[in-house]
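The values are calculated or read from the model by the stated rules, or taken from the named source; none is laboratory data. Small disclaimer: the values here were computed from a predicted structure and weren't measured. All Cβ positions, even for glycine, are placed from backbone atoms using ideal geometry, and neighbour counts span all protein chains on display. Just the protein is used for accessible areas: all its heavy atoms, side chains included, with ligands, DNA and RNA removed. Shrake-Rupley method; radii C 1.70, N 1.55, O 1.52, S 1.80 Å.
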Amino acid sequence: MKPQAPDTQQDTCINPIESAALSVADARESILSTIQARTESERIPLKESLGRILGEDLCAPFDVPPWDNSAMDGYAVRSQDLPGARQCRLTVVGTAMAGRPFDGETLAGQCVRIMTGAMIPRGCDTVVMQEQAIREGDFITIGAGHSGGQHVRRAGGDLAAGQGVLNAGRRISPADLGVLASLGIAQVTVSRRPRIAFFSTGDELRAIDQALDAGAIYDSNHYALYGMLQQTGVEAVGLDIVRDNRETLQHALTQAAADADAVITTGGVSVGDADFVREVLAELGEVHFWKVGVKPGRPFAFGRIGRAWFFGLPGNPVSTLVTYNQFVQPALRRLMGEDVAPPLQFKVTCVTALDKSPGRMEFQRGILETNAAGETVVRSSGGQASNILSSMSEANCFIVLPAEWGDVPAGTLVEVQPFPAL
Ligand code: AMP
Ligand code: MG
């Protein structure tokens, strides 16, 4: 049975077979302008929110720090008492420790021994570092050259009461957890993690606990995809390998789409005799586009089956990783309400020659490193064929080569996109 046609895609649906290849930027743009954030959210304890997408705008309920405090170990003094020239002598009337304020009033000619993080005592407004004070019994002597207000961390100097702190759409980082804890925020609203079903297609594929018979290979995409989905922060639901058979694929896709926000498949998306993804997708749902001018990864399908978005990735392991990174990852981030900026990209010198034919934009695997002269340079991480997964695991960046470029001589300035780990 054909699932109900979605209502949002009339204008972006193009004929899957006759369409020309889209540029990487257009494909990305098309996906991001089609997918809207799913709005369900949940309230969870702060600790569990690491890596989740904030679903509310948060303001500071009070000043951080809540009161003026010392940035140094030393003496809290009154700025009126600071000597303009020569030196002055002050009486130490008490001690202020972090968490143990001095609760007296400090009068003219008096000072208070103070530790980093302690509240500035009433009457004081300045701290003199202990290295710059000479202590003798209950007195200190300080010289000239101090300025009023020095070494004091002002109330609200980090965050002022009422100030916007973090906005909806932000992925919560370890530092964010700290910021929210400093505000006493124990629960946060985050977007629901979308449920993403994924499976590999191919008669040659075996699960890693099976023996390899002649002509068979292990389903490495399942694991690479699982890893990337985990990094993206979605609920990854791995399904069994699907054989190159129309009916089996139809059944698997229908089942997967019924219970997921998106379905991702690898393999079978090209034009070979055992490639059924395109046909089956056209029957079950909608194909948004088919070919992207990218290497590796040209055959790439984006579409929809019922309520679920569909991404059909090419089977070659590096093609799977590249197309996931460039197209699926931003799409899933959008789906969970995250602000999606274009990937960080900058120019560095490539110290190795790169083979390339004009025609498609290429994402070559590179290693960004610091050379002996202290400059950041990039080199190829090895073989660039789309089945060479080892050079992908070695790499820490993509070297992005424009479609029209041919071979790249060593010493050329190239664009790179660093990534944490793929
Ligand atoms: P396909 O996209 O199905 O034409 O596959 C292209 C190449 O990728 C073939 O050499 C496949 O054997 C290989 N391949 C497809 N799926 C996987 C997978 N899940 N794990 C490892 N290699 C795969
Ligand atoms: Mg195949």
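Remarks
- Ordering Phe300, Ala236, Ser191 by Cα displacement along the dipole of the chain toward the positive end leaves Ser191 in first place; charges were set at the Cβ atoms of Lys, Arg (+1) and Asp, Glu (-1).
- Degrees separating the helix 246-258 axis from the principal Cα axis of the chain, which is the longest one: 30 degrees
- Across the chain, the convex hull enclosing all Cα atoms gives 213 Å³ per residue.
- List His151, His146, ordered by accessible area with a 1.4 Å probe, largest first: His151, His146
- Rounded to the nearest 10 degrees, the inclination of helix 24-34 to the longest alpha-carbon principal axis of the chain is 80 degrees.
- Taking a sphere under 12 Å around the Cβ of Gly178 and counting the other residues whose Cβ falls inside, with K and R at +1 and D and E at -1, yields a net charge of -1.
- Dipole size of the chain about its Cα centre, with +1 on Lys/Arg Cβ and -1 on Asp/Glu Cβ: approximately 880 debye, rounded to the nearest 20.
- The peptide list 96-102, 207-213, 310-316, put in order of mean Cβ contacts within 10 Å with the highest first, becomes 310-316, 96-102, 207-213.
- Relative to the dominant Cα principal axis of the chain, helix 220-232 is inclined by about 30°.
- Ranked order, Glu131, Glu415 - accessible area, probe 1.4 Å, largest first: Glu131, Glu415
- Nearest-0.05 FRET efficiency for Thr189 and Glu404, computed from C-beta distance (R0 60 Å): 0.80
- Computed E for Leu32/Ala98 - FRET, C-beta separation, R0 45 angstrom, nearest 0.05: 0.40
- Expected 222 nm ellipticity per residue - DSSP helices of 4 or more, -39500 (n - 2.57), all of the chain, to 500: -5000 deg cm²/dmol
- Accessible surface, 1.4 Å probe, highest first, among residues Asp219, Asp158: Asp158, Asp219
- Accessible area per residue was computed with a 1.4 Å probe on protein heavy atoms; Thr39 scores about 120 Å².
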